[in-house]
Amino acid sequence: MIPLNEPVHFLLVDDLEGNLISLEALLRRDGLVLLKARSGDEALELLLRYDVALALIDVRMPGLDGFELAELMRGAERTRRVPIMFVTAGDADRQRRFRGYEAGAVDFIQKPIEPDILRSKAEVFFELYRQRQQIAGHRDALKANSHALKEADRRKDEFLATLAHELRNPLAPLRHGLDILRRSPDSAEAAEIRDIMDRQLNHLVRLIDDLLDVSRVSQGKIELRRQTIAAADVIRSALEASRPMIDSAGHSLQIDVPEQPIWLDADPTRLAQVVGNLLNNAVKYTPQGGRISISLRRVGGEAVIAVSDTGLGIPRDKQAEVFQLFAQVDHHLDRARGGLGIGLALVKQLVTMHGGTVEAYSAGPGEGSTFTARLPLAARPAAEAPVPEASTTPASVSRSLKVLVVDDNEAVAQTVGWMLEAIGHDYRLVYDGRSALEAAQDYRPDAILLDIGLPGMDGYEVCRALRQMEAFRKTTIIAQTGWGQERDKVLASEAGFDHHIVKPVGLDKLEQLLAEIDTLKRR
Ligand code: ADP
């Protein structure tokens, strides 16, 4: 590639120093370098070193004359296309001119030289060369783009294959488990089968959540909800979620967290997601019965959280790469571990959004790995830190609520209905918007679980219509949907929804939400 700010070179060839000096004085301008050769041989040497936009060659020179030099230039690939202007004294006869053109001349300049004419001719070649530089620049950029596109396309194909594979993986045990439970619901393994199904389902949900998050973060759609929090609390909540996985893999766990609180100005949910991802990886990439440790330290102005394992380790040359989207270390791909290569990309994005850094270290394959996240400490002293938010453990439900469930997916509606029944609520199911409006008037629910993507009248319209009716101004309406982007939440709230929850909703979450609604209603 020829960089655009590179100077343009002209070659001036004349055996008389005086001629060279006057040509130089005549042509001098910004961005132009004039190379002076006093003989044909010197000119050839310069041509080897420089790309030349124009050669101004004196015809009559001792040794190699101008025509011979031009012929040599035509014969070499490197100099074949260099435009040549011959400078001749007196009238060149037709035959000489012909020889000159044959040797590759584009023009003849007569001595005495007319300065303006030479300058404007030279200008044409200067500009032509600049344009060639630009075209070459564009061509290189296009090449690079096309290479990047091909690479992205390849990664996308690979990703889709992995995605299909990884989504299918948890489906198999779900299918099998369900079939077994259907045949023999009370078999000795029933409880174990349910645990397996539960874990696989959580795994599926996490894959999809990560997938959505990583694209939302890269599009700048995630906003951090920062508050002053103790780093240890983040670790605690991540451990709570990862503990079952750590235990079931038979790993020992070492926790090293100082008593003195270390305050961060951070989004607790997102940071717990970061630590959770690191812990899950430590579990996944460590063979059964390994050792996992997590530590928190304060180093200078930073909180340093390190998650180490005694597992597969990472080759040195891959340690920076693992944070790239879809990057997976080849020999870890025994697929059973399940993953899409997005967890660490998400970790890095989230840590960066917090103004921190994260890095991987491993002494090599089989030597275990350590992931270290460094986060800036909160600017405010701990004493000024706000009281942490009240715990969100479910208040006990003492009242049965009437819940209207609206979903065009009958299986979803029915299973939500059963969940409501299991936690002591009454329910009614409908499968489209219009029936929802009718059922609401007839049933008078305390809460409505309303799907958004309904045929005909969608969930937003149903919600708006309900809010128009006096009887439903204050009824709790919850959007229950597969669309979990920030924009969807805003739309839901504008349409009059009180809550927005993303499918699938677990029983605990549903119970907690309804308990909170009940508590609020009774205040
Ligand atoms: P996934 O685990 O879904 O493949 P991640 O982005 O979480 O994707 O990790 C990217 C890759 O980094 C993994 O595929 C694995 O090869 C490597 N890796 C991550 N954590 C560890 C770890 N604790 N030990 C060894 N390798 C790891």
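The values are calculated or read from the model by the stated rules, or taken from the named source; none is laboratory data. As the structure is a prediction and not an experimental result, all values here were calculated from the model. As a convention, Cβ positions derive from the backbone with ideal geometry for all residues, glycine included, and neighbour counts pool all protein chains shown. All accessible areas refer to the heavy atoms of the entire protein, side chains included, with ligands and DNA or RNA removed. Shrake-Rupley method; radii C 1.70, N 1.55, O 1.52, S 1.80 Å.
The figures follow:
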quantity	calculated
Contact order normalised by residue count of the stretch 433-523, Cα under 8 Å, 6+ apart, percent	25 percent
Mean Cα-pair separation over length for the chain, i.e. relative contact order, pairs under 8 Å, 6 or more apart, %	8 percent
DSSP beta bridge pairing in the chain, given as percent antiparallel to the nearest 5	40 percent
Placed amide H near residue 500: partners under 5 Å, 5+ positions off or other chain	479
Descending Cα extents along the principal axes, the stretch 64-154, whole Å	65, 31, 19
Dipole magnitude (debye, nearest 20) for the chain, charges at Cβ of Lys, Arg, Asp, Glu	280 debye
Span-rule helices in the chain, defined as complete DSSP H runs reaching 20 Å or more along the axis (Cα) with Kyte mean at least -0.5	190-218, 231-248, 268-284, 507-522
Tensor-based shape of the stretch 1-117 (alpha-carbon gyration tensor, a/c under 1.5 rounded, otherwise prolate or oblate)	oblate
5 angstrom amide H check on residue 64, placed H, neighbours 5+ away	40, 41
Accessible solvent surface per residue of the chain, calculated while the other protein chains remain in place, 1.4 angstrom probe, Å²	54 Å²
Residue 262 long-range amide H proximity, modeled H, under 5 Å	231, 232
Sum of -39500 (n - 2.57) over DSSP H runs of 4+, divided by residues of the chain (222 nm, nearest 500)	-15500 deg cm²/dmol
Convex hull projection area averaged over all views, the stretch 242-325, Cα basis, nm²	6.7 nm²
Cα shape, the stretch 196-349, gyration tensor, a/c 1.5 rule	rounded
Table column - 3J(HN,Hα) (Hz), the stretch 318-329, Karplus curve with 6.51, -1.76, 1.60, x for Gly and Pro	9, 5, 7, 4, 4, 8, 6, 4, 6, 6, 9, 6
Radius of gyration and maximum dimension Dmax of the stretch 37-190, Cα, Å	34.4, 113
Accessible surface of the stretch 35-121, 1.4 Å probe, proportion on carbon and sulfur as whole %	51 percent
Nearest-20 debye value, the stretch 158-313 charge dipole, Cβ charges on Lys, Arg, Asp, Glu	180 debye
Prolate/oblate/rounded call for the stretch 473-523, Cα gyration tensor, a/c under 1.5 rounded	oblate
Rounded Å value of the spacing that divides the Cα centres of the stretch 406-428 and the stretch 84-114	95 Å
Relative contact order (%) - the stretch 1-158, alpha-carbon pairs under 8 angstrom, separation at least six	23 percent
Histogram of C-alpha separations across the stretch 403-483, 5 Å bin width, %	3, 17, 30, 28, 15, 6, 0
Reciprocal of mean inverse Cα separation for the chain (Kirkwood radius, Å)	29.9 Å
Stokes-Einstein D in µm²/s, Kirkwood radius over Cα pairs - the stretch 173-250 at 4 °C with 1.567 mPa s viscosity	83 µm²/s
